[in-house]
Structures are given as structure tokens and as C-alpha cells.
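The values are calculated or read from the model by the stated rules, or taken from the named source; none is laboratory data. For clarity, every value in this text was computed on a predicted model and none was experimentally measured. Glycine gets a Cβ as well: all are built from the backbone with ideal geometry, and neighbour counts include every protein chain shown.
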Amino acid sequence: MQTILIRHGRIIDPSQGIDQISDLLIRDGVIKGIERQIDSPKGAEVIEATGFVVTPGFIDIHCHLREPGFEYKETVATGTLAAAKGGFTTVCAMPNTNPVMDTRSTVDYVLNKAKSEGHVRVLPIGAVTKGSLGTELAEMGELAEAGCVGFSDDGHPVADSNIMRQALGYASGFGLPIINHCETPELFRNGAMNEGWVSNRLGLQGAPNSAEETMVARDIALAEMVRGRIHLAHISTAGTLELVRNAKAKGINVTCEVTPHHLTLTDEAVMGRAGSDESAFGPLGEAAYDTYAKVNPPLRARADMEAMVAGLRDGVIDVIATDHAPHNSVEKLCTFQEAAMGISVLETALGSLMSLAHSGDVPLRVIIDKLTTAPAKFLGRSDIGTLQDGSLADVTIFDPAAEWVVDSDKFVSRGKNSPFHGSTLSGQVVTTIVDGKIAFAVNSTEMNKN
């Protein structure tokens, strides 16, 4: 197999507490050492990483590859290529496909597709209920044997409290989490965006923070009762953060994730001002009612966004996950109320997150930890999310200072739906290595040619 020597990069590996300028050697698909200087082995491919950051490969525990059934939105091939371009070496595929990933045969189909056409490692997440309809538990034992790393009806909440209670109890027998999209249907119904002054100004029906928080409180109580393992997907409100903080203090087995967009955007983006310095109270322009900023959970008020940043910084939030949700252009080129919810995230995740590092709001090592070591721990994997000797050679190299203008039309993902379109981001992936093989590489001289 290929031997790769990465030279003179700033290696950040939270699993080992490493943050230093060093060389990294890869041989036969595994990490073979980190040293201040390593002589180049004969025949090795040398990657000069001066000025770049070298980390374990990013791990995304929440993305939508859409296949089978929605190949017009995304495929395993295009979604994993987008992941590689974004620096992700492992992605967890959500089960809201058609058919839903509630049987072994569908899981096997996705895994076989990933093996034959994928560019990065794909780990499946099985459905909690049959058809994700919320009325009858799926065959969790069969799904666990097929390789599922958790269970979720994402896209829909598990609304029935007794079903959730049973699911938490049953999943605990396999040591796997229930991953819930927390949204009380009666409170969220017909909500198009966050409920607040922006929704009032735009005349759109909003979803209140309580739609998320009430179900979060329920799930935490049920997890405590049955001693189950609950993971809260894409949290977005300050109230949710406090519920998680208090639950952890009580020793309840709860974890949570936050998306790059809930860390960096507010509901004002719906007015077409993502990355803009225009006054929020100025006249609405043609960019208002930006359907690319329509997502579930919705982009929240600035106070909630700032709470998410603080929760990431202080460790209450466990993981950064993209919730990559690609859509066909037709599903976004319509009225805001009719538009599909979701953002294509994999290719902009690092660039948007680096704004937090550049501003000093979140240390870079924390961001890297939440993209690598922390999600590996969540998955119970010691062979990924680390650059320890003998671990799988999943490596991400990025230029933290490279500025680039987001042109979503050039995404390799089939989903071009990004509220960052036209924005300037700072931080771009140079090379992604999966199992010791280069899955994506861009010539550094071409990085600013978007």
C-alpha cells in the first residue's frame, strides 16, 4: 500500500493532547508515527504541509445521503465526495430514505453502495420505528447486527412517549443511543422559521423555542427512568442547553450535537443577510425570504446562537455534526412556506466553523476535538478520530487562513442549497486521506480560484 509522509504541518490531535509542528508518517493504511522530523522513506509520497493544520479525519455523526429513493437530491457517491472535500473521513447516514432504513436489507444496500461507490467511510443509523411512522418499534436487534451505530427517526420526532420509553430501554441492550429530533408537533406545526421579531416582520409562521425544549425535557426524563442512552440531535436553543447541562450534572446518560449553522447564523439570515453587514432594520431587498436559510430546527435568535457557542466552548455540547441535508433546486426555488427544510453543509462546515476560531470565540483545538475525538468516543471507536500509532490513517489537512468565496453551484454535492452562497469564508481543506489513501486533494495554488 501507499506510504505518505506529511511534513512540517501543525499537528493537532486532541486524543493525545498534541499541538505541535511535526511530521506524520502513514504506511499500509495506518499511522506509523509523529516526530519532529522523519526521513522520507523510499518511494513515499511527500505532502508539504507548512502553514497547514493536520488533524485526525473529521467525523460527521449526522448527515443525509438520501440514497435509496431520493437520488435526485444526493447519492452515496456524491455525498461522500462532498464529505471528502469538506475533510470528513467518516459519516453516519440517517435513515430517512425510501425505503426507510428499518430493515437489514436496506442497511446492506447502503453499505454495499458505500463500499463500491463511496469516497469515505459510511456508518448507518437505523430507524427507531417501522417506516419512521412512530407507531411500532423497528427490529433494532437486526439493525444492530447489520452494523447500525444508533437509531433515529430523524426528520420526524419520536412523538409517542411510550414508544420512546420502549426504544430507550431496548436500545440500551445493544449499548446504542436513541438519536432524537426533538420537536413537539403540536407546538411546531406549520412553523416555517424561528418564532421572533424576524418571523413577525416577514409575516411567516414561527416555531417557538419551547417546541424543542419540551421534548428535550421529556427525553431526558425517560432516559433517566429507564437508564437509557439519549442523544439530542442538532440542539438550537439556550433552554435546551440548560436542560442538558442539568441532566449531565445529575449523571443522566445524555449527549448532544450542534450544527455549524446554528453556531454561526441567526434567523436574520432568512432576510438574505448571511455574511452581510447591512442593517437588520434596513429595507428588505430581493434576497429576503431566503429559502436556503430554511432549516429544521430553524436558525434561532442571536442569544440562542451565542448560547450554542458558549456551550461548545465549555464542553456541555459533545459533538459538532453537520446535519447535511441536500435538496434539489426545485424544492428551494419556491415560496418560503413551501420550501423544503435543510442546508447542504459538508463543503462549508470547516470554513464557517473557522470563523469562531478566528474571532477567538472558540479555541481551534476545541473545534477539532468536537469534529474528531469526541464523535469517535460517541461511536465507541478507538481506531478513528485519532493519530495514535496503529490507528486507521484518516487524516485531514487544511489551510486555516485560505479565504474563498462560496459558490454553491460548484459544490460536488447535488445539493446546492447553502445560505453561505456568495459569502467569504476563511479556512479550506487541502487534502483528505481515508484508510491511508488520498480521497480528496486540491493544489494549494488553486484554492482561491472559486
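For the range 198-315, which helices (runs of 4 or more DSSP H) that fit wholly inside it have 3 or more residues that are more than 17 Å from the chain's Cα centre (by Cα) and among the hydrophobic types (A, V, I, L, M, F, W, C)?
Result: 210-226, 238-249, 302-314.
Would you mention how many residues in the range 359-416 are among the small types (Gly, Ala, Ser), over 17 Å from the mean Cα position of the chain (by Cα) and either modelled with pLDDT under 95 or under 19 Å from LYS437 (Cβ atoms) (or both)?
Qualifying residue count, the range 359-416: 3.
Take the range 226-252 and flag every residue that is farther than 24 Å from ARG300 by Cβ and charged (D, E, K, R).
ARG227, ARG229, LYS250
Of the residues that sit in the range 89-128 and are of a type in the set (Gly, Ala, Ser) and free of Cβ contacts under 8 Å to residues at least 12 places away in the same chain, which one is farthest from ILE179 (Cα to Cα)?
Among residues in the range 89-128 that are of a type in the set (Gly, Ala, Ser) and free of Cβ contacts under 8 Å to residues at least 12 places away in the same chain, the one farthest from ILE179 (Cα to Cα) is SER116.
Just one of the numbered conditions (1) more than 16 Å from the chain's Cα centre (by Cα); (2) in a strand (DSSP E or B); (3) closer than 23 Å to LEU143 by Cβ is not true of ASP60; which one?
Against the list (1) more than 16 Å from the chain's Cα centre (by Cα); (2) in a strand (DSSP E or B); (3) closer than 23 Å to LEU143 by Cβ, ASP60 comes up short only on (1).
Picking from VAL412, VAL405, which residue would you name as being among the β-branched types (Val, Ile, Thr) and touching a helix residue (DSSP H, G or I) at 6+ places or on another chain (Cβ under 6 Å)?
VAL412
Residue by residue through the range 4-43, note down the ones that are without any contact (Cβ under 8 Å) to a residue 60 or more places away in the chain, crowded, with 17+ Cβ neighbours inside 10 Å and small (Gly, Ala, Ser).
Once the filter is applied, which keeps residues that are without any contact (Cβ under 8 Å) to a residue 60 or more places away in the chain, crowded, with 17+ Cβ neighbours inside 10 Å and small (Gly, Ala, Ser), the range 4-43 yields only SER22.
What residue, among those in the range 145-178 that are of a type in the set (S, T, N, Q) and either surrounded by fewer than 24 Cβ atoms within 10 Å (Cβ to Cβ) or assigned to a helix (DSSP H, G or I) (or both), is nearest to the chain's Cα centre (by Cα)? Don't jump to the end; show me each part of the working.
If we filter the range 145-178 for residues that are of a type in the set (S, T, N, Q), which is where we start, we get 152, 161-162, 166, 172.
Next, only the ones that are either surrounded by fewer than 24 Cβ atoms within 10 Å (Cβ to Cβ) or assigned to a helix (DSSP H, G or I) (or both) stay: 161-162, 166, 172.
Numbers: SER161: 27, ASN162: 29, GLN166: 27, SER172: 24 Å.
Here the residue is SER172.
Which residue is farthest from the chain's Cα centre (by Cα), if the candidates are limited to the range 316-340 and must be in a helix (DSSP H, G or I) and surrounded by fewer than 17 Cβ atoms within 10 Å (Cβ to Cβ)?
Here the residue is VAL330.
Residues being under 21 Å from PHE281 (Cβ atoms) and either at pLDDT below 95 or among the charged types (D, E, K, R) (or both): count how many of those fall in the range 161-196.
1
Do you know which residues across the range 61-84 are among the basic types (Lys, Arg) and within 13 Å of LEU346 (Cβ to Cβ)?
ARG66
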